[in-house]
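The values are calculated or read from the model by the stated rules, or taken from the named source; none is laboratory data. Note that the coordinates shown come from a computational prediction; the quantities given were computed from them, not determined experimentally. Quick reminder, even Gly has a Cβ in these numbers, built from the backbone with ideal geometry, and neighbours come from all protein chains shown. Areas reflect the complete protein model, heavy atoms only, side chains present, ligands, DNA and RNA absent. Shrake-Rupley method; radii C 1.70, N 1.55, O 1.52, S 1.80 Å.
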Amino acid sequence: MTPTDDDSGAQRLIGFALDISDGARARCILDLDDRHLNRMGILHGGIAATLLDSALGVTASLTNDPSGRHPVSTVSLNVNYLAPGRPGRVTATGRLTGGGRSTLFVEGDLRHEDGTLIATATGVFRKLKASA
């Protein structure tokens with residue numbers, strides 16, 4: 001995946017692509033390589049959490065902005081690690097589950113391209129005022 005000018009700093013640092021093509025949920029897609037693995041040769045938990053936080057946060061943002069750029073802040077993020085992330089492509093996907101005018105509830109999962117469920121997450125996000 002090739003970085004673009006629209007990528008966030010975190011996207012460029014880690015190397016994931018953002019997909020919001022369906023307009024209702026965000027997906028973060030990463031081709032794992034040695035930079036993303038821990039000493040045991042599996043996906044580092046912090047990178048897994050970052051992918052999930054990004055996918056869930058952009059999903060929350062989509063409620064105000066179809067480009068996913070309305071600012072939101074993570075209030076809480078709960079990650080459950082279920083299986084090791086092996087080298088290959090992984091995808092984190094967010095799904096809006098509820099909320100109101102300022103607080104949104106989002107859940108998501110991180111899966112390997114072979115279908116293995118690596119981690120699940122729930123998050124609470126607060127909508128922020130858009131900067132002018």
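Would you please name the residue that is farthest from S54 (Cα to Cα), looking only at residues in the range 95-112 that are part of a strand (DSSP E or B) and open to solvent by 50 Å² or more (accessible area, probe 1.4 Å)? Lay out the reasoning, then the answer.
Kept after step one, since they are part of a strand (DSSP E or B), are these residues of the range 95-112: 95-99, 103-112.
From what is left, the residues that are open to solvent by 50 Å² or more (accessible area, probe 1.4 Å) are 95-97, 99, 105, 107, 111.
Working: R95: 12, L96: 13, T97: 16, G99: 18, F105: 14, E107: 12, R111: 15 Å.
Looking at the filtered set, the residue picked out is G99.
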Looking at P84, P66, P71 in this structure, which one is under 22 Å from R12 (Cβ atoms) and either among the basic types (K, R) or open to solvent by 20 Å² or more (accessible area, probe 1.4 Å) (or both)? P71
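Right, R35: out of contact with any Asp or Glu (no Cβ under 7 Å at 6 or more places or on another chain), closer than 14 Å to F16 by Cα and open to solvent by 80 Å² or more (accessible area, probe 1.4 Å) or not? Full working, then the answer.
Values: out of contact with any Asp or Glu (no Cβ under 7 Å at 6 or more places or on another chain): yes; closer than 14 Å to F16 by Cα: yes; open to solvent by 80 Å² or more (accessible area, probe 1.4 Å): yes.
Yes, satisfied.
Consider A60 carefully, then state whether it is touching a Gly at 6+ places or on another chain (Cβ under 9 Å), open to solvent by less than 50 Å² (accessible area, probe 1.4 Å), more than 19 Å from A130 (Cβ to Cβ) and in contact (Cβ under 8 Å) with a residue 24 or more places away in the chain. Let's see the steps before the verdict.
Values: touching a Gly at 6+ places or on another chain (Cβ under 9 Å): yes; open to solvent by less than 50 Å² (accessible area, probe 1.4 Å): yes; more than 19 Å from A130 (Cβ to Cβ): no; in contact (Cβ under 8 Å) with a residue 24 or more places away in the chain: yes.
For A60, the condition - touching a Gly at 6+ places or on another chain (Cβ under 9 Å), open to solvent by less than 50 Å² (accessible area, probe 1.4 Å), more than 19 Å from A130 (Cβ to Cβ) and in contact (Cβ under 8 Å) with a residue 24 or more places away in the chain - is not met.
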